[in-house]
């Protein structure tokens, strides 16, 4: 999604390497209201502690053996977060990319890894 913005000196004409190249750093800031940030958080009854994750992994393994393809009845998404009852929701934010502001951008966690790493490591500012 960010590649479509073509912000600053990194335009679409420069190709994807201008944004995703190995030798450049792109400065990105996301600004959420408290209400929009809350949309990205797991539901209050979701258990994201290590024991719950291990039990969910066990359930995933059993369901895979039974042909359920990592889908839990607790969520609309596959994978570990689904087994913990988490559906990744979108929140709206204003995004500043290399100094250029884009308002009203829909943002969500990409998947389970980014969600759990971010949820346990980052506090909202």
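Just so you know, all these numbers are worked out from the coordinates, no wet-lab data involved. The model shown is predicted, which means the values in this text are computed figures rather than measured ones. Note that each Cβ is placed from the backbone with ideal geometry, even for glycine, and that neighbours are counted across all protein chains shown.
Structure summary
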| quantity | calculated |
| --- | --- |
| For 28, 96, order by how many other beta-carbon atoms lie within 10 Å, fewest first | 28, 96 |
| Translational D in µm²/s for the range 44-87 (Stokes-Einstein at 20 °C, 1.002 mPa s, Kirkwood Rh from C-alpha pairs) | 211 |
